[in-house]
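These notes are about the structure you will find just below.
The values are calculated or read from the model by the stated rules, or taken from the named source; none is laboratory data. As the structure is a prediction and not an experimental result, all values here were calculated from the model. Here Cβ is always computed from backbone atoms with ideal geometry, including for glycine, and neighbour counts include all displayed protein chains. Side chains are part of the model used for accessible areas, which takes the heavy atoms of the whole protein and leaves out ligands, DNA and RNA. Shrake-Rupley method; radii C 1.70, N 1.55, O 1.52, S 1.80 Å.
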Amino acid sequence: EIGFGGGEHMVHQAASNADVGIIGCEPFINGVAMLLGKIRAAEVTNVAVLPVEVRYRWDVCLVGSIARAFLFYLLPCPIKRHHRRRFVTPEFLEPLVRVMAPGANLRVATDISDYVRQTLAQVPRHGFRWTAERAADWRVPWDDWLSTRYEQKALREGRVPHYLTFERIG
C-alpha cells in the first residue's frame, strides 16, 4: 500500500490474507506509528513497513514481484502546478508498472474528481487497463474494502468516493 495513512486498510488486508506478504510505504512518522500500534493489536505478522516515499524503494523491488498495489486517498495536490507531485504521473507509474506482475491489480480510491480524471488519463497510458464495465464498478467499494478515516472525512464533507481498478497488461 502506497501512502497508507493510519494503516487501517493495510492491517485489514494483512489479517484477511495471512498467507500474503504486504508492504506499506509511508513517509509520515505519525502514520507509521499508528500502523505499528494496529499491527501489534491485530497480531498480524505478514506486514513490512517502509517509512519512506515509495519512489525511493522501486529499485529494490524485483521486476514483476507485486501482485496488487493500493493508492487510497493520497494527497490531492489540488493546485495545478502541484499535479506533478501526484502519484498518477509518468514519474511514478513507469517504475510501478515495471515491478507489477502481468495481470496484477492497481486500486485507486479518491474523492477528488480532478484526481479521478488524471488517473483515468494517465494510468492506461502506462501499461494498465481500466477494468470497469458499468458505473457500479467505480461507485461501489471493493468486496474486501475497509473504509478509512480519510474516506469517512470525505463522506462527512459531502465528497463522492470513486473506486478505480486497473489491471497490469502484458
Original post:
Mind checking which residues of the stretch 39-61 are free of Cβ contacts under 8 Å to residues at least 40 places away in the same chain, within 24 Å of Glu94 (Cβ to Cβ), of a type outside the set (Gly, Ala, Ser) and open to solvent by less than 60 Å² (accessible area, probe 1.4 Å)?
Top reply: Leu50, Val52, Cys61
Subject >> Whichever residue in the stretch 113-145 is closer than 16 Å to Phe72 by Cα and hydroxyl-bearing (Ser, Thr, Tyr) and, among such residues, is surrounded by the fewest Cβ atoms within 10 Å (Cβ to Cβ) >> reply: Ser113
Original post:
Does Ala109 count as among the small types (Gly, Ala, Ser) and under 20 Å from Ser16 (Cβ atoms)?
Top reply: yes
**OP:** Mind listing whichever residues of the stretch 146-160 are surrounded by 15 or more Cβ atoms within 10 Å (Cβ to Cβ) and over 14 Å from the mean Cα position of the chain (by Cα)?
**Re:** Ala154
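Please verify whether Val99 is modelled with pLDDT of 95 or more, of a type in the set (A, V, I, L, M) and open to solvent by less than 20 Å² (accessible area, probe 1.4 Å), treating the condition exactly as stated. Break it down stepwise before answering.
On the way: modelled with pLDDT of 95 or more: no; of a type in the set (A, V, I, L, M): yes; open to solvent by less than 20 Å² (accessible area, probe 1.4 Å): yes.
Spelling it out, it is not the case that Val99 is modelled with pLDDT of 95 or more, of a type in the set (A, V, I, L, M) and open to solvent by less than 20 Å² (accessible area, probe 1.4 Å).
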Subject >> Test for Arg125: is it at pLDDT below 95 and of a type in the set (D, E, K, R) >> reply: no
Original post:
When residues of the stretch 112-130 are filtered for being assigned to a helix (DSSP H, G or I) and farther than 26 Å from Gly7 by Cβ, how many remain?
Top reply: 9
**OP:** Mind listing just one residue for me: the one in the stretch 131-168 that is part of a strand (DSSP E or B) and touching a helix residue (DSSP H, G or I) at 6+ places or on another chain (Cβ under 6 Å) and, of those, nearest to Ser65 (Cα to Cα)?
**Re:** Phe166
Original post:
Considering the stretch 19-38 alone, what residues qualify as being in contact with a helix residue (DSSP H, G or I) (Cβ under 6 Å, 6 or more places away or on another chain) and open to solvent by less than 40 Å² (accessible area, probe 1.4 Å)?
Top reply: Ile22, Gly24, Cys25, Glu26
Original post:
Which one of these does Thr131 not meet: (1) touching a Ser or Thr at 6+ places or on another chain (Cβ under 8 Å); (2) among the hydroxyl-bearing types (Ser, Thr, Tyr); (3) in contact (Cβ under 8 Å) with a residue 40 or more places away in the chain?
Top reply: (3)
